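The values are calculated or read from the model by the stated rules, or taken from the named source; none is laboratory data. What you see is a predicted model; the values in this text were computed from it and never measured. FYI the Cβ positions are ideal-geometry reconstructions off the backbone, even for glycines, and counts take in every protein chain you see. For the accessible areas, the whole protein counts, side chains as well, though only heavy atoms, and no ligand, DNA or RNA atoms are used. Shrake-Rupley method; radii C 1.70, N 1.55, O 1.52, S 1.80 Å.
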Amino acid sequence: MYAGLDPVTGKRVYLRETIQGTDEAAQKRAQKKLNEFAVRVDKQRKTPSSVKLSYALDEWMRTSEIEDSTRKTYLGYIERTIKPALGTESVNKLSAHTLESFYTALRRCRIRCDGTPFIEQHKKDGEHDCGAEECRVHKCKPMAASTVRQLHAIISGTLGAAERWQWIDGNPARIARRPRQKPPEPDPPTSAEAAKLVDEAFRMDDDWGTLVWLAVTTGMRRGELVGLRFSCIDFDAEVIDLRRNWVGGKEKDTKTHQNRRIALDTETIVLLKEHRDRVAARVRELDSKFTDDLFVFTGTRTPGHTEPYSPNAVTQRYKDMATRLGIDTHLHALRHYSATELLTAGIDLRTVAGRLGHGGGGATTLRVYAAWVAATDRKAAEILGSRMPKRRP
């Protein structure tokens, strides 16, 4: 049955179904299907499109407002994994089963091999003995569940847009099952390890020590630390007014697009004042003028503090320092340390979430630090129990 013109390609669209048989029963089934087509054509506001998923992906990426770093990641997934597997499929023929089969194949092998052994990489060109040359034989490696969930988010976003644009009647990704999300497992350094890291950082140089100290006491993200300007620090009120983030070489809003104020302790204020004096003296030596618009932390290549410390350089320097001390940790673990120490000390969930910049009124904080929240709840129960009169046997 003719269903109109494709809204994207302009081609004529027909609804088709093959009914097996030539007897009267088959004729009735065919007529029933024809009636279904007629109802569908009458009800549809617009002709479903038969465009390929690859085209829909490109259109969704073109029209979506997403961060540059996220866009780069999505493009990689689209070109390497989604388009080679599903790019030629028509959006109006994709089903939940198709998507679930795709996810299952990726969880078995990230390149979706058919299980037949083959040489993944030859050591030599031309004819040769792969055994003698020890060419690399393919071994199936499952794609991480978190990665498959990201692929699902891309496909779901694309098909959701196609539904809004009336290219398809419904979004099959909405009901398709995706791998379960692995519970977060934060691994913060111990108090003794954190103390060693801070001491070593100050031994290296005072600027670096101040950065690590601030990461420990505030739980700020890496981009927030390097993007911090002196104008964001209120030395009188003893707070940081956090509004900006440095990601991908650009200054942007914070990750959750929310401003937040982080209270500072007296010792941290003293360290930041000393750091400000060092920076001011350093800038004067360069015959420049100190302003509050300068970045608090910078690298050796920009001693005038007109550019922020490279986020990757901060991560690598911290990792090298931790390795030298024999501590298996990373920079983001200091954020976990700040959160877990506050929760263990009995600070309420909403306050901790506010300092970390988590949205959802603490839902994210609870999901990530559930074990520490449970421990705090146990401590609260013991405190309440201890205040009750003792029962005599």
**OP:** Scan segment 311-335 and report the pairs whose first residue is assigned to a helix (DSSP H, G or I) and whose second residue is open to solvent by less than 70 Å² (accessible area, probe 1.4 Å) and of a type in the set (D, E, K, R), with Cβ atoms within less than 7 Å and a gap of 6+ or a chain change.
**Re:** 321/200; 325/200; 335/221
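Report, by residue number, each residue of segment 171-186 that is surrounded by 11 or more Cβ atoms within 10 Å (Cβ to Cβ) and not polar (S, T, N, Q).
So in segment 171-186, the residues surrounded by 11 or more Cβ atoms within 10 Å (Cβ to Cβ) come out as 171-179, 184, 186.
The answer is 172, 173, 174, 175, 176, 177, 178, 179, 184, 186.
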Subject >> In segment 184-212, the residues that are touching a residue at least 40 places away in the same chain (Cβ under 8 Å), closer than 12 Å to residue 336 by Cα and among the acidic types (Asp, Glu) >> reply: 187
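Please enumerate the residues belonging to segment 342-354 that are touching a helix residue (DSSP H, G or I) at 6+ places or on another chain (Cβ under 7 Å) and open to solvent by less than 60 Å² (accessible area, probe 1.4 Å).
If the condition is that a residue be touching a helix residue (DSSP H, G or I) at 6+ places or on another chain (Cβ under 7 Å) and open to solvent by less than 60 Å² (accessible area, probe 1.4 Å), then 342, 343, 346, 349, 352, 353 are the ones that fit.
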Original post:
Among the residues of segment 284-305, which ones are touching a Ser or Thr at 6+ places or on another chain (Cβ under 9 Å) and within 24 Å of residue 236 (Cβ to Cβ)?
Top reply: 291, 292, 293, 294, 295, 296, 297, 305
Original post:
Can we say residue 366 is touching a Phe, Trp or Tyr at 6+ places or on another chain (Cβ under 6 Å) and either closer than 23 Å to residue 259 by Cβ or open to solvent by less than 70 Å² (accessible area, probe 1.4 Å) (or both)?
Top reply: no
Original post:
Name the residues in segment 218-250 that are touching an Asp or Glu at 6+ places or on another chain (Cβ under 9 Å), open to solvent by less than 20 Å² (accessible area, probe 1.4 Å) and not in a helix (DSSP H, G or I), would you?
Top reply: 227, 233, 240, 242, 245
Subject >> Which numbered condition residue 194 fails, given (1) part of a helix (DSSP H, G or I); (2) open to solvent by 50 Å² or more (accessible area, probe 1.4 Å); (3) farther than 23 Å from residue 282 by Cα; (4) touching a helix residue (DSSP H, G or I) at 6+ places or on another chain (Cβ under 7 Å) >> reply: (2)
Original post:
Looking at residue 379, is it over 18 Å from residue 221 (Cα atoms), open to solvent by 30 Å² or more (accessible area, probe 1.4 Å) and not in a helix (DSSP H, G or I)?
Top reply: no
